[in-house]
Amino acid sequence: MNKAVRFIIKWLIVFFAASILIFLLVRMMPTTPAVKWLDTLHLPRTEANIEWITHRMGLDRPLAVQYGIWMRNFFRGDWGVSLVSGEDIRARFFAKMPYSFSIGISGILIGSAAAFFLGFRAALRRGGICDKITTVLTIFSQSVPMFILSIIIINALGVRLRIARFFTGDGKYAMLAAILLTAFYSVGSLSRIVRQGFREEMGKSYVKFAVSRGFSKETVLFRHAYKPVLAGLISAVISHFAYVFGGSTVLEFAFTIPGLSTMLVSAMDSRDYNILQVYILVVVIWMFFVHLVLNLVLRALNVRGQES
Amino acid sequence: MKKKLAMILAGVLAAGMLFAGCGRTGGNSADEAPDQGSAPAASAETDSAPAAAGTGDSIVIGCSFVSANTNPIDCPWELTMQGVSEGVFMQNAEGELVSRFVTDMEREEDGLTWNLALTNAVKFSDGSDCDAQALADCMNYIQAENAIANGTAGVCTFTAADADTLQVVTERPITTLDSLLCEWCNVVFKQVGDGFIYTGPYMVDSLDSGVSIHLVPNPYYDDRAEQRSDVTMIVFNDAAAQQQAFEGGEIDMMFGLSPEVAQILRGEGFTVVDYDAGYQYFVINNIADGPMADLAIRQAVSQIFDREEMITYLGAGRVATGMFAQYYSFAGHVDEITDVPAAQAALEAAGYERNADGMYEKDGEPLTLKLVTYAGRPDLPLIMQMASSELTEAGVTCTTEVVDDIGAAISSGEYDVIFYAHHTAPSGEPAAILNMYYSDEGVQNFYGYHSDEITDLLAQIGSVEPGPERDAIAQQIQDIVAEDLPVTFLIDPQWHVALSERVADYVPYCGDYYIVNAELGL
Amino acid sequence: MKKKIILWAVFAAIVLFLFLAPHQNVRLVDIAHTFAGPSAEHWFGTDNLGRDLWSLMVVGGIRSLGVVGLATAISFSLGTLLGMAAAYEGGILATVIQFVTDFTMIVPSFIVALILSALFGFSPVMAGLMFGIGNMGSYVNLSRGLTLGMKERDFISAEISLGLSKPRIVFLHIFPNIMKQMFVYMGNHASSVTLQYAGLAFIGLGTDITNPDWGTLLYSYRLYMLTYPRLVIIPIAAVCLLALFFHFAFDDGSAGKEELTIYD
């Protein structure tokens, strides 16, 4: 109980620290949204123009008032409107989130499942084919950029063979490609973690004992040694979940998927304070839930994991 | 075990796709909600046509942005670019101001009142007439809601004097009304319920803010409406993706091609057309500080720039003759020449000597120029790279930087030579931009340029009507600029657009101002 | 062990070569000879502006190695130190460190990059700093976990009861014991900074074609890769060599032997 309270207090502090930090940071950027807005339309940056836009955007109020209004409305479920287009930010987020989330979540889940099997095989035979595959995948994902591979995929399937339409239509091919690429790029390093975990367990006496009793080592490892390895994998995956927000950027651009990153970059381009602020808060809330769920899973696996 | 895992994997994948699918439909419905102010012609066909682009016989255009909503105060520029709204006056391909609404205009003796004779031939996309009263209503609405519309002539009042006459009273006297009415914010619209309707060749069917927009022909635009197809515009944030989409036949028209991609596509047998951009590429010199404060160095640098080489690389365009694209009547007659030996002689006359590496220096300090530009206009980094190559070969040391925020870089004053692009005649007249760059309080006069002659000429140009006299003054100003070099003219560019067979005859004009015009697909 | 010395010697030689190798001025363009194939004059051919690709690789390599080096040095040193401190001290310090670590792991590095470069301008040094701190989290967690394990060992508890000074125990006794695994982790992750850096180009950072690094080259040449594949294959090969070097140079050979189980 005490632990649960501490967990919640910690995240409340993170939430408010993040909100204040981002609130001040965006306002410290040298070019203001008003000026950016004028620039986009090739309008002169006269004082009158800037004043009018700033007022229209509601940015001429005192900082404390702006912060207060923002927080109050946020908790009421009103996330404000875009400074540039006047759209409701919450509606926009909920329209964009499914793209980034399905790329991130499905990609990582598929990647970790594949990594678990590959890592298991790699642990069984040191220097065997699976072991080599894990190394090759790790090196590959560190040296061939995702954006190069995606161009090759689009060119092969969309331009030469013409069997998939990535940019028009309902966008299912783009999503599929993005999910598989995310999975592919996370398999390498995750499988090394699984392999390491299994090899550690292999040295432990309970495994040796069971094997000496005549069980095949595959069965022993897979039936009995998987828990600590899975816990290790899950701890590693926690950090990958922040990736749901940031990591799909390149894919969203390469396949023109209208996800959160695309929105964020254009918000940054126009210095849309409101969107930037909400974005950070959503990231914090998301990570709160990720940590919560994964801690519960680790507890269910009944191993002493890294509870944060 | 393996089978189970395979099932789970398939499940996750399916769930992911389903989730994404929800997102897409969810996005549309949110955008079509009436309280967003974005349900323009929210008639029956909106339900049946989601943003499923590229299906059917829609013309698909790849571009870098689309309008966020259909509100005439928020997005007039984008709506006009998409062929949805129209200005009272618009530019044609020759840079002249033309109007579908107004046949004639006359100024009364008080200098503030204008009487516009109307054609009364234009209809809104719901079939209702765009009469004098409708025009007056929307213009007054814009004057009240958009302070930028008051910038040129103060608050203007529009009244329907009679069925064929629109009377306009300006707060400050101006010499011509057509360029004021050509300003991007003055679009003709009519409010219907919570939505807005317009008069352009197309109307908005559905839009996904910042992602894509689907347009259908406006049946009341002219008698060719039935020949027009639907148009879908899709935003691409990555040039490589756009190129693949074009090569794969998913899009019919692709804007913003780099010269290399234009060349590659031509090599593959695609149609690539060059068209006048209206934008100008030039250099803003930091005359307040550093080496460029010295006129001799500015002249030498201008002579070192090899504009022909830049154009050869860009694949199209002309050497700039002033501040404006050459199709405008007020374009300059400046003759920019490349003469490296003369430039070097001038540097030597200014006291610079070549050191052991062949670079110019004075008192042991090398002559170093800091060049800067931004990536927003992809041609600019290429031009800067070529300029720095030319400068280095001529013996001038330079550093280069491509920054994210050019505005901040300019106001920091840390750079000597700024490569810049600007559409210099968005409303078809020269005075606004000349004031911006060369008058003492001009907002683009970053480094305190002042010239008595130009101050006088700018005062004159504000009081003459459009015509040969005004053009001559504009040209005079450009000649003085070419001597004083607060700005060095570089290139009057042409941009490339790749076209599929079905739109191979389409010719866009005026840069990215009118990407969709009435001739599309006809 | 010998293998490793050779590996390091080769790496040192390459780095030295990058600094000393004769190369042309990458500022100079030659628009009459764009996209030229490899020749005696241009070993790797020329790019879209007629610049010598070999020279670009050399100049860009220095920049890329700089970013990778700076980022890795920061994540490794700061991460290890904070992790050890958190595990050894515990209490409020550990909570604060964990807090900071979580924060760096939560906030996506690309938004940090956008905001920081809006505030201070973008440069390779800033990218190095940012990735250094952004990637620090996993180093902290790893070093904390390892130190916690060490603390339970007998010899450390003996030293604590003997009253040895904290820095002495931490730096002279704990660090050498966890160092190996830290280096393995570093070797496996260091070179990924190159691609992270290249990815920033999509959000408009580090797209400066006039001051290239390997990532920028990859980003700008991707437009021509299907017509002139050489232009992307060469930078990819370079990044791949770097990744291989890190992987094997820091791969713990002796741990491999210890790791051998009865089944191998």
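The values are calculated or read from the model by the stated rules, or taken from the named source; none is laboratory data. All values derive from a computational prediction rather than experimental measurement. Here the Cβ is made from the backbone with ideal geometry for all residues, glycine too, and neighbour counts use every protein chain on show. The accessibility values were calculated without ligands, DNA or RNA, using every heavy atom of the protein model including side chains. Shrake-Rupley method; radii C 1.70, N 1.55, O 1.52, S 1.80 Å.
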Q: Sort A:Ile234, C:Ile5, C:Ile92 from largest to smallest accessible area, using a 1.4 Å probe on the heavy atoms of the protein chains.
A: C:Ile92, C:Ile5, A:Ile234
Q) Over the alpha carbons of the protein assembly as shown, what is the largest minus smallest coordinate on each principal axis, giving the biggest first in Å? A) 109, 76, 58
Q. For a label point 7 angstrom out from the Cα of B:Thr159 toward its Cβ, which stretches of the stretch B:88-126 have the backbone nitrogen within less than 18 Å?
A. B:106-118
**Q.** Per-residue SASA entry for A:Leu149, accessible area with 1.4 Å probe, Å² rounded to 10
**A.** 30 Å²
**Q.** Solvent-accessible area of A:Ser106 with every protein chain in place, 1.4 Å probe, in Å² to the nearest 10
**A.** 10 Å²
Q. Which number gives the lysine pairs in chain A that have C-alpha atoms under 30 Å apart and are eight or more places apart or on different chains?
A. 14
Q: Assuming a ≥ b ≥ c are the square roots of the Cα gyration tensor eigenvalues, decide whether chain B counts as rounded (a/c under 1.5), prolate (otherwise, with a/b larger than b/c) or oblate.
A: oblate
Q. For B:Val192 and C:Phe17, what is the calculated FRET efficiency with R₀ set at 41 Å and r taken between the beta-carbons, to the nearest 0.05?
A. 0.05
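What's the average, rounded to a whole number, of partner chain beta-carbon atoms within 10 Å of each residue's beta-carbon in C:197-206? All intermediate terms of the calculation are to be shown ahead of the outcome.
Values: counts 0, 5, 8, 2, 5, 13, 11, 10, 2, 2.
Averaged over the peptide's residues, the number is 6.
Would you mind giving the total buried accessible surface between chains B and A, with a 1.4 Å probe and ligands, DNA and RNA left out, rounded to the nearest 100 Å²?
Numbers: alone 22800 and 17210 Å², together 35320 Å².
For chain B against chain A, roughly 4700 Å² becomes buried.
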(Q) Please compute the modelled spin-label separation between C:Leu119 and A:Val65, points set 7 Å along Cα→Cβ, answer in nm with one decimal. (A) 2.6 nm
Q. Tell me, what is the 1.4 Å probe accessible area of C:Leu78, in Å² to the nearest 10?
A. 70 Å²
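Using a 10 Å cut-off on Cβ to Cβ distances, tally the other chain neighbours for every residue of A:185-196 and report the average as a whole number.
Values: counts 1, 0, 0, 1, 3, 0, 0, 3, 1, 0, 0, 3.
Averaged over the peptide's residues, the number is 1.
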Q | Under 5 Å, built H, 5+ apart or other chain: amide partners of A:Ser85 | A | none
Q | Distance in nm between pseudo-label sites at A:Arg213 and C:Leu162 (7 Å out along the Cβ direction from Cα) | A | 4.3 nm
(Q) Probe radius 1.4 Å, ligands and nucleic acids ignored: give me the carbon and sulfur share of the accessible area of the stretch A:94-272 as a rounded percent. (A) 64 percent
Q. By a straight-distance test (C-alpha under 12 Å), which aspartates and glutamates pair with C:Lys166 as possible cross-link partners, with residues fewer than eight away in the same chain excluded?
A. C:Glu89
Q) Under a point spin-label approximation (7 Å from Cα along Cα-to-Cβ), what is the A:Arg6-B:Ala345 distance to one decimal in nm? A) 8.3 nm
Q | 25 °C / 0.890 mPa s Stokes-Einstein diffusion coefficient of the stretch A:94-272, Kirkwood radius on C-alpha pairs, µm²/s | A | 137 µm²/s
Q. Could you give the accessible area per residue of the protein assembly as shown, probe 1.4 Å, as a whole number in Å²?
A. 40 Å²
Q. Dipole size in debye (nearest 20) for the stretch B:394-478 around its Cα centre, Lys and Arg Cβ +1, Asp and Glu Cβ -1?
A. 160 debye
Q) Which of the DSSP-defined H helices in chain B satisfy a minimum axial length of 15 Å, computed from C-alpha atoms, and a minimum mean Kyte-Doolittle hydropathy of 0.0? A) B:2-32, B:132-145, B:379-394
Q.
Within 10 Å of each Cβ in B:390-402, how many Cβ atoms from other chains are there, averaged over the peptide?
A. 3
Q: Using a 1.4 Å probe and counting only protein heavy atoms, arrange B:Tyr514, B:Tyr141, A:Tyr67 so the residue with the most accessible area comes first.
A: B:Tyr141, A:Tyr67, B:Tyr514
Q) Along the Cα-to-Cβ line of B:Ser463, 7 Å from the Cα, sits a label point; which residues in the stretch B:98-136 have backbone N less than 19 Å from it? A) B:107-113
Q | 0 to 90° range, to nearest 10: angle between helix C:230-249 axis and chain C longest Cα axis | A | 20 degrees
Q) Mind listing the phi-derived Karplus ³J(HN,Hα) values for the stretch B:151-160, rounded to whole Hz, using 6.51, -1.76 and 1.60 with θ = phi - 60°, and x for any glycine or proline? A) x, 7, 10, x, 6, 9, 10, 10, 9, 8
Q) So what are the radius of gyration and Dmax for the Cα set of the stretch B:157-261, in Å? A) 19.5, 56
Q | Expected 222 nm ellipticity per residue - DSSP helices of 4 or more, -39500 (n - 2.57), all of the protein assembly as shown, to 500 | A | -16500 deg cm²/dmol
Q. Counting only protein chains, not ligands or nucleic acids, how are B:Glu361, B:Glu109 ordered by accessible area (probe 1.4 Å), most first?
A. B:Glu109, B:Glu361
Q. From the square roots a ≥ b ≥ c of the eigenvalues of the alpha-carbon gyration tensor of the stretch B:90-186, which class results: rounded (a/c under 1.5), prolate (a/b over b/c), or oblate?
A. rounded
**Q.** Under the Debye formula (equal points on every Cα, no solvent term), log10 I(q)/I(0) of the stretch A:70-177 at q = 0.10, 0.16, 0.20 Å⁻¹
**A.** -0.55, -0.95, -1.11
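Given R₀ = 25 Å, FRET efficiency for B:Ala472-A:Thr40 by Cβ-Cβ distance, to 0.05?
On the way: r = 34 Å, r/R0 = 1.34.
Step by step, r from the Cβ atoms, then E = 0.15.
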Q) Which one of A:Ala210, A:Pro62, A:Ala95 is farthest out on the positive end of the charge dipole of chain A, using unit charges on Cβ (Lys, Arg +1; Asp, Glu -1) and the Cα centre as origin? A) A:Ala210
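Tally up the carbon and sulfur contribution to the accessible surface of the stretch B:423-522 as a whole percent, 1.4 Å probe, everything protein left in place. Intermediate results must be reported in sequence, preceding the final value.
Working: 1700 of 3600 Å².
C and S fraction of accessible area: 47 percent.
Based on DSSP H assignment, which helices of chain A show an axial Cα extent of at least 20 Å together with a mean Kyte-Doolittle hydropathy greater than or equal to 0.0?
Helices meeting the criterion: A:2-28, A:89-124, A:129-143, A:172-202, A:226-240, A:273-301.
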Q: Based on the mean of other Cβ atoms within 10 Å per residue, sort peptides A:196-204, A:256-264, B:378-386 so the most packed one is first.
A: A:256-264, B:378-386, A:196-204
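Quote the total accessible area buried by chains A and C together, excluding ligands, DNA and RNA, probe 1.4 Å, nearest 100 Å².
Working: alone 17210 and 14640 Å², together 27370 Å².
Counting protein atoms only, the buried area is about 4500 Å².
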